[in-house]
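Data block below; observations after.
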Amino acid sequence: MSVLLVVETSPRAEGSISRNMTQSFLERWSAANPSGEIIERDLVKTDLQFITEHWLEAYFTPADLHTSEMKERLQLSDILIDELQAADHLVIATPVYNYNVPASLKAWIDAIVRKGKTLGFDGHGLVRDKKATVLIASGGVYTDGSFLQERDIATHYLRLILKVIGITDVTFIAGGGAKAVDLGELTMESFVDKLRLDLDLAAAK
């Protein structure tokens with residue numbers, strides 16, 4: 001049975017372009033994997049915290065020396081890592097804010113990149129035999145040939161992080177020009193339809 005982990009980051013609901021991209025992806029994935037399991041992790045509904053001094057204290061203390069307070073500080077991180085390790089396929093759906101990912105996604109990344117859990121002490125990733133699909137909605141267009149291409153920080157950052165933890169089979173689907181939906185120049189349906197072939201191929205991969 002294939003297990004899909006979907007990480008949603010957009011603070012918007014029905015008006016979220018990245019969430020609508022996810023729904024299109026899930027329709028195709030569910031059809032291709034009728035007995036598959038979907039784990040949904042909505043970062044808007046997750047009590048993520050930025051790294052603190054106390055969290056770092058727990059992080060750098062060997063597990064066999066953890067106090068009950070240290071275990072509690074790392075509890076959410078442990079849960080998020082278990083979700084990731086249980087999945088065969090990771091989907092990250094995210095908007096782009098000021099050329100990079102939202103703070104919630106950065107907080108999720110900081111929680112799941114941990115030495116001895118997802119990153120070996122030798123620097124090699126421990127999240128193996130998995131693939132990832134990254135769905136990105138951005139107001140600007142950052143694909144090859146665009147004058148904004150050099151500002152495509154979000155794609156480069158996510159590709160690097162996924163490689164660091166061991167995921168190298170990564171497909172990016174760029175929903176550039178998404179501001180056309182917010183400006184009323186395109187409907188949500190017509191915008192997502194333009195990406196449907198890429199979404200279907202990634203879901204069936």
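Structure notes:
- Check on Asp200, part of a helix (DSSP H, G or I) and touching a residue at least 60 places away in the same chain (Cβ under 8 Å): yes
- Counting only residues that are within 19 Å of Leu105 (Cβ to Cβ) and buried (at least 20 other Cβ atoms within 10 Å of the Cβ), the stretch 20-40 holds 4 of them.
- Of all residues in the stretch 43-55 being surrounded by fewer than 14 Cβ atoms within 10 Å (Cβ to Cβ), touching a helix residue (DSSP H, G or I) at 6+ places or on another chain (Cβ under 9 Å) and not aliphatic (A, V, I, L, M), the one that is modelled with the lowest pLDDT: Gln49
- Selection count, the stretch 37-59, where residues are in a loop (DSSP other than H, G, I, E, B), under 19 Å from the mean Cα position of the chain (by Cα) and over 21 Å from Ala13 (Cβ atoms): 3
- Screening the stretch 62-120 for helices (runs of 4 or more DSSP H) wholly inside it with 3 or more residues that are acidic (Asp, Glu) returns the ranges 75-86.
- Only a single item in (1) modelled with pLDDT under 95; (2) outside any helix (DSSP H, G or I); (3) of a type in the set (A, V, I, L, M) is not met by Ala180, and it is number (2).
- Checked against the criteria, Met1 does not count as more than 16 Å from the chain's Cα centre (by Cα), assigned to a helix (DSSP H, G or I) and aliphatic (A, V, I, L, M).
- Residue list for the stretch 13-32, restricted to those being part of a loop (DSSP other than H, G, I, E, B) and either modelled with pLDDT of 95 or more or closer than 15 Å to Leu197 by Cα (or both): Ser16
The values are calculated or read from the model by the stated rules, or taken from the named source; none is laboratory data. Predicted model only: the values in this text are computed from it and were never measured. Counting neighbours? That spans all protein chains shown, and the Cβs are built from the backbone with ideal geometry, glycine included.
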